[in-house]
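Report on the structure given below.
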Amino acid sequence: MTKASVNQYGCKTTFAIEMNDFIFRNMISKRILIAALLIAGVYSSFAQNSKVLADKIIAVVGNKIILKSDIDNSILDMQRQGIEVPSDARCLNLEQAMGIKALVLQAEKDSLPVTDDEVDADIENQIRYFISQYGSKDELERVAGKSIYQLKEDFKEGFRDRKLAAAMRNKIIEGIKITPNEVKTYFQSIPNDSLPFYESEVEVGQILVYPKASRDAEEYCIEQLKDYKAQIESGKKEFGTLASLYSEDPGSKDRGGMYEVNRNQKDLDPVWLSKAFTLKEGQISNPFKTKFGYHIIQLVSRAGDDAVVRHILKTPQVTQVEMKGGFEKLDSVRAKLIAQTIDFGTAVSRYSDDDASKFTAGLLQGKDGSFLTFDELDKDLIIKMKDLKVGEYSQPIEYTDERGKKGVRIIYLKSKTEPHRENLKDDYNKIAQRAIDQKKESALEKWFTEKTNGYYIMIDDEYKNCPTLKRWVTVANAIKK
C-alpha cells in the first residue's frame, strides 16, 4: 500500500486507499503504476478535455468489454500528472484490464461478497485524496468537469471491479504457504552476482510518553481560543487570518485552517469530526479538547455528509515540571525491563502514548517493515542509539515530535546487522517473502492459463502484436477458428 501520513489532528495527508490486495503487485513497477491508475478508475473522469471522439470496443473478456477510451484516457491522465509513460503503456494497460475482467467474471460466478458500503467507502477515500491533491472540492469539480456526485457515480463500476478482482485473487492464493526447503531452493536459484547488498539495518523500538500539561497551561489555551472567537464574531478579524497566524496545526495553517471533510471519515479524530457536524453554517464552536490539544471550529458550508470547515488548534505547553514526571515514569519502566519483570511489547501496550507503535509492539516502521536503514532514523535517535548494544534500553531522553509536542522516550535496540551480501542466515524473512510472492504469482499465472481458455476473448487487431497479450491473443485466434 501507499503509506499514509497523519497530520496534527489525525487527518491522512496521502493516498488513503490500500493497494495491498492489488492483483498484479508482483509485476515490474511501471506495470504496477499503470494498473493502479486503471483499477482506481482515475482515467474515466479526468480526461474530459481530451476525450477521443470516436470510441470503440478493443477487447472483450466473457461479457465484459474494454473501450479504447478507457486506455486512451488512462494514458492522458498519466501525462497530466507528470508520470513517465512507458512505450508499451497501451499494451500493459490492456493486459491489466483484461486480467481484472477475468477475475471479476469468476468472482461473480463464485458469488464472492462485495457490498455497496465497501465500494462507497473506497470511493469516498479516492474523492478525498483527489480533493487534497487539487486543493478544494470546487477545483476538483472544475478539473474533472463534473460534480462530486457524478464522479462518484463514474467510479462505481471500476471500484466494484477492483474489489471483486482483489477478492478473487485472495481466494486463488489463500492457503499458499512455503517451507524452509522451498525458501532454500529459491535462494539457491539466484546467481551470486545478483544477490542484493544490504547496508547496516536496525530494529528499533520506543516507549514514548507525553507528559500532561498543567491546568493553568490548558486554561491559557482555552482563553486564547475564546478571544479568537470573540474577534471573529465581532467582525474585527477573519477566521482564516487568525488560523494562519496562530493555529498550531501545520496541516491546515497555510490554508487558513481549512479542511474539506466527510461525516463518515475514519481517519479523523471522532471528537473533532462530531463537533464539526453539530454546527450551523457560519457558526463557531466553543473551545473543546481532543488528544491533540484545544480547538475552535467554524462550519463554512455543508452539503449532506460533506462539509468545509476551518479550525484553530492550540496545544498546551509542557513545562520542565511535567517533563520531570515523564522522566521518573520511564525510569521506573526501564528498571522493570532490565529486571525482566515485564517484556518490551507489554510495556509498550501498558505505558506508551504512541498509538501507532502500539500495533507494532513499539517497533518503528520503514519501507521494509521493522528493518530500518540509518537514513530512515531521526538524527536524535541515531545519536542516542550509538552507544547501545543489541538488547539494551536507553536512559529516558527528551523528544519533540513533528508537531512540536514534547515527550520522553526510551529507545530499545532489538537487532542490528552489519553491511553484507544477502544470505539465508541474516535475511531469511526477506528471502522467504520473495519466495512466497513468486509462488503466489505462479498460482495466479496457472489460474489465468486454465481460465482463459474457458472465456470468450476478442482483441482488436491494433493490439494483437503486444508481447504481453500473447496468451490472450492465442485464445482469441483459437476462438475465430
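The values are calculated or read from the model by the stated rules, or taken from the named source; none is laboratory data. Computed from a predicted structure; not experimentally measured. Note that each Cβ is placed from the backbone with ideal geometry, even for glycine, and that neighbours are counted across all protein chains shown.
The listed residues are 425, 451, and the only one of them that is outside any strand (DSSP E or B), within 30 Å of residue 468 (Cα to Cα) and not hydrophobic (A, V, I, L, M, F, W, C) turns out to be 451.
Of the residues making up the range 126-148, those that are touching a helix residue (DSSP H, G or I) at 6+ places or on another chain (Cβ under 7 Å), of a type outside the set (A, V, I, L, M) and in a helix (DSSP H, G or I) are 126, 130, 134, 137, 141. Condition check: assigned to a loop (DSSP other than H, G, I, E, B) and surrounded by 18 or more Cβ atoms within 10 Å (Cβ to Cβ). Does residue 251 satisfy that? Yes. Just one of the numbered conditions (1) touching a Leu at 6+ places or on another chain (Cβ under 6 Å); (2) under 30 Å from residue 381 (Cα atoms); (3) of a type in the set (Phe, Trp, Tyr) is not true of residue 228: (2). Only residues that are touching a residue at least 24 places away in the same chain (Cβ under 8 Å), under 25 Å from residue 458 (Cβ atoms) and assigned to a helix (DSSP H, G or I) were counted in the range 76-116, giving 21.
The listed residues are 285, 252, 244, and the only one of them that is under 30 Å from residue 130 (Cα atoms) and in contact with a Phe, Trp or Tyr (Cβ under 8 Å, 6 or more places away or on another chain) turns out to be 252.
Here's the yes/no breakdown for (1) surrounded by fewer than 19 Cβ atoms within 10 Å (Cβ to Cβ); (2) over 30 Å from residue 397 (Cβ atoms):
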residue	(1), (2)
206	no, no
227	yes, yes
234	yes, yes
241	yes, yes
260	no, yes
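Any residue at all in the range 85-108 that is among the hydrophobic types (A, V, I, L, M, F, W, C) and modelled with pLDDT under 85? The answer is yes; a qualifying residue exists. Does the range 397-404 include one or more residues that are of a type in the set (Lys, Arg), touching a strand residue (DSSP E or B) at 6+ places or on another chain (Cβ under 6 Å), at pLDDT below 90 and within 28 Å of residue 357 (Cα to Cα)? No, because not a single residue in the range 397-404 is of a type in the set (Lys, Arg), touching a strand residue (DSSP E or B) at 6+ places or on another chain (Cβ under 6 Å), at pLDDT below 90 and within 28 Å of residue 357 (Cα to Cα). Candidates are the residues of the range 366-391 that are over 28 Å from residue 431 (Cβ atoms) and of a type outside the set (A, V, I, L, M); the one that is farthest from the chain's Cα centre (by Cα) is 387. Against the definition (among the small types (Gly, Ala, Ser), in the same structural domain as residue 410 (by TED's automatic domain parsing) and at pLDDT below 90), how does residue 366 come out, yes or no? For residue 366, the condition - among the small types (Gly, Ala, Ser), in the same structural domain as residue 410 (by TED's automatic domain parsing) and at pLDDT below 90 - is met. Just one of (1) out of contact with any Gly (no Cβ under 7 Å at 6 or more places or on another chain); (2) surrounded by 12 or more Cβ atoms within 10 Å (Cβ to Cβ); (3) assigned by TED's automatic domain parsing to the domain that holds residue 107 fails for residue 142. It is (2). Of the residues making up the range 169-183, those that are within 26 Å of the chain's Cα centre (by Cα), assigned to a helix (DSSP H, G or I) and not aliphatic (A, V, I, L, M) are 169, 170, 171. Only residues that are in contact (Cβ under 8 Å) with a residue 24 or more places away in the chain, in contact with a strand residue (DSSP E or B) (Cβ under 9 Å, 6 or more places away or on another chain) and surrounded by 14 or more Cβ atoms within 10 Å (Cβ to Cβ): list them for the range 427-481, please. Residues satisfying the conditions are 427, 430, 452, 455, 457, 458, 459, 460, 463, 466, 469, 472. Does residue 53 satisfy the criteria of being assigned by TED's automatic domain parsing to the domain that holds residue 163 and either crowded, with 19+ Cβ neighbours inside 10 Å or at pLDDT 75 or above (or both)? Spelling it out, it is not the case that residue 53 is assigned by TED's automatic domain parsing to the domain that holds residue 163 and either crowded, with 19+ Cβ neighbours inside 10 Å or at pLDDT 75 or above (or both).
Among the residues of the range 292-327, how many are touching a Pro at 6+ places or on another chain (Cβ under 7 Å) and among the β-branched types (Val, Ile, Thr)? Number of matching residues: 2.
Please determine, by comparing only the residues of the range 389-406 that are outside any loop (DSSP other than H, G, I, E, B) and in contact (Cβ under 8 Å) with a residue 12 or more places away in the chain, which one is surrounded by the fewest Cβ atoms within 10 Å (Cβ to Cβ).
Going through the range 389-406, the residues outside any loop (DSSP other than H, G, I, E, B) turn out to be 393, 397-400, 406.
With the extra rule that they be in contact (Cβ under 8 Å) with a residue 12 or more places away in the chain, the set shrinks to 393, 397-399, 406.
Values: 393: 20, 397: 17, 398: 13, 399: 22, 406: 19.
Here the answer is 398.
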